[in-house]
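Since the structure comes first, as structure tokens, the remarks are kept for the end.
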Amino acid sequence: MADERNFRTYYYEKFGIGGVEEKRSIEILLKEQPLNVDKLKQFCLRFPVPAMYRTYLWKVILGKVVDGLHIRDFFCIIPANQGSHGFVMKQRTQQYDDLHHAMKLLRRINDQSPVGEMYLKMFLTETGHLPFEEQNLVCL
């Protein structure tokens, strides 16, 4: 049975350079309960993240990245505790649906509204920055 390591690993070992097997390393980090977000963040800064884990990792570490902006709760997609991921994603989906419905009721968006403008208005509403008058909103 062939070794499943990346071909670069053999190349690096030939020249005496120790490499990191990203997939195995990230799987070890993801098995921790609860997730150590600081270690995951450091891993993402130092090594390429395998494609199969990128979306998941962004959802976990995004709250830590924007922590200083006072809008952490809005950006923290899923918590470090893996047992509550399903519940939190259901709540996020319901939050999106409620906000989308409210924007339609307020006639701030309609079915022909561009997606980017819709998301911008929903974000501004959620963070309390959507101006009362429509002409005060600057869309670039």
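Descriptive notes on the structure:
- Pairing each residue of region 13-41 that is at pLDDT 85 or above with any residue that is surrounded by fewer than 14 Cβ atoms within 10 Å (Cβ to Cβ), provided the two are 6+ apart or on different chains, yields C-beta distances under 6 Å for Leu29/Lys39.
- Meets criteria (of a type in the set (A, V, I, L, M, F, W, C) and modelled with pLDDT under 75) for Val60: no
- Looking across region 97-107, the residues that are at pLDDT 90 or above and surrounded by 11 or more Cβ atoms within 10 Å (Cβ to Cβ) come down to Leu99, His100, Ala102, Met103, Lys104.
The values are calculated or read from the model by the stated rules, or taken from the named source; none is laboratory data. If you're wondering where the values come from, they're calculated on a predicted model, not measured in any experiment. Using ideal geometry, Cβ is built from the backbone for each residue, glycine included, and neighbour counts are taken over all protein chains shown.
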